[in-house]
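The values are calculated or read from the model by the stated rules, or taken from the named source; none is laboratory data. This one's a predicted model, so the numbers in the text were calculated from it and none came from an experiment. Glycine gets a Cβ as well: all are built from the backbone with ideal geometry, and neighbour counts include every protein chain shown.
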């Protein structure tokens, strides 16, 4: 029953927001209350999964070890993004960047976005998962075009078209995965993941491989894997900052979760080599291509967007290498989800102060926004894998997993990591320590725009030194299942 509260809270908040008239405070209360309910119910479900291995409610909802990791990522980042949104949107409204109608639209679609992601993770049906992930596209397309600028509208159309076409291919692959279940009676009235998996041994190998290729391309588009990534930098750089943090830190991982479900099925049918080879190819290409774009980037929000492409490639590589690489991929998913909002929240504070997304126009943030500069610096060190932050460990695990069987790929990835660090170092140092040639008022905007980042930084520092046994157990269980 708890799972119903989990997914209904953001939906109810969105519905109630529809009836609000000229009262932004009510919109904020509905959103932060729903986010708090998601966080609490997520913890309750996590407790159950930790002790029982899974949590189910009727035949339509089930959460396993990897599922609860995704649920908690959505809940935690959803809460801090909602918290940050309150102060950020108020600042934009204060500066007449947006009016009340836009504020209302923002909170409605933010809650629908969270509802769609949670629904995708907790459902037992691949069809409902597909519908939910398509729902994330529809809800966030309006948010990408939120500012009604020509580049934002173009980015929204690009986002909508590319992802819809990609997911259409994913849907075709999903239907192909149903072929082993033809003639199989399912008393629940729909085909579930377990139904397909239990019949995977009867799957025609050629059809199984073809189906997985369609799924990987389809959901890989949503995940931002190269070469299906072209929508991502435009969308992430034009959406409001809290939405960018959710797109980058959460949604991409949800899409990968969908791919992993199908990977289990195709592995049961044709063995692990086929899916692992594809993941290595797409993963290494994503890491390498993203590293070059990071090196030459001129827009700091696009910089963070290309970083997301790199990290999705790392996760794909982890499962491609297998073994400790898969463990590293899931742990990396957690660290990345916590680190990326720090960068985007810092970017939001910088934009509101400097009114520019160009790296060249942002100098001397350490004197103008001292706390934001510190969080930006920590976010940079974390996301590039500098010790003692956790991503250093996950990258080390990844390289360890790949060095023996895939030395060339591992060397390329290591070279890409060096490029990424050099690119980030060049851009971030110039923003933080560069000479400020303009007279910009000094001081943070308000505590609401810096506290969410401080909370995430604290969590990252703790997890960098100490990984709770409960999280480690969940990751190990997830690796054994996927």
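Which of the following residues is buried (at least 19 other Cβ atoms within 10 Å of the Cβ), in contact (Cβ under 8 Å) with a residue 24 or more places away in the chain and on the phi > 0 side of the Ramachandran plot: 390, 379, 385? I'd like the intermediate steps shown before the answer.
Working: 390 fails: on the phi > 0 side of the Ramachandran plot; 379 fails: on the phi > 0 side of the Ramachandran plot.
Being buried (at least 19 other Cβ atoms within 10 Å of the Cβ), in contact (Cβ under 8 Å) with a residue 24 or more places away in the chain and on the phi > 0 side of the Ramachandran plot holds for just one of 390, 379, 385, which is 385.
Quick one: would you say residue 471 is over 19 Å from residue 319 (Cβ atoms), part of a helix (DSSP H, G or I) and modelled with pLDDT under 95?
Criteria not met by residue 471.
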So which residues in region 29-52 are crowded, with 21+ Cβ neighbours inside 10 Å and within 14 Å of residue 86 (Cα to Cα), if there are any at all?
30, 31, 34, 35
Single residue of 448, 402, 423 found to be touching a helix residue (DSSP H, G or I) at 6+ places or on another chain (Cβ under 8 Å) and under 17 Å from residue 332 (Cβ atoms)
402
Find the helices (runs of 4 or more DSSP H) located wholly in region 247-358 whose residues include 3 or more that are more than 29 Å from residue 463 (Cα to Cα) and in contact (Cβ under 8 Å) with a residue 60 or more places away in the chain, and list them.
252-270, 272-296, 324-354
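Right, residue 232: in contact (Cβ under 8 Å) with a residue 40 or more places away in the chain and farther than 12 Å from residue 306 by Cα or not? It would help to see each step written out before you state the result.
On the way: in contact (Cβ under 8 Å) with a residue 40 or more places away in the chain: yes; farther than 12 Å from residue 306 by Cα: no.
No, not satisfied.
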Exclusive hit being under 20 Å from the mean Cα position of the chain (by Cα), crowded, with 21+ Cβ neighbours inside 10 Å and on the phi < 0 side of the Ramachandran plot, set 142, 113:
113
Any chance residue 262 is over 18 Å from the mean Cα position of the chain (by Cα), crowded, with 24+ Cβ neighbours inside 10 Å and farther than 24 Å from residue 452 by Cβ:
yes
Does region 110-132 contain any residue that is assigned to a loop (DSSP other than H, G, I, E, B), more than 30 Å from residue 473 (Cα to Cα), touching a helix residue (DSSP H, G or I) at 6+ places or on another chain (Cβ under 9 Å) and modelled with pLDDT under 95?
no
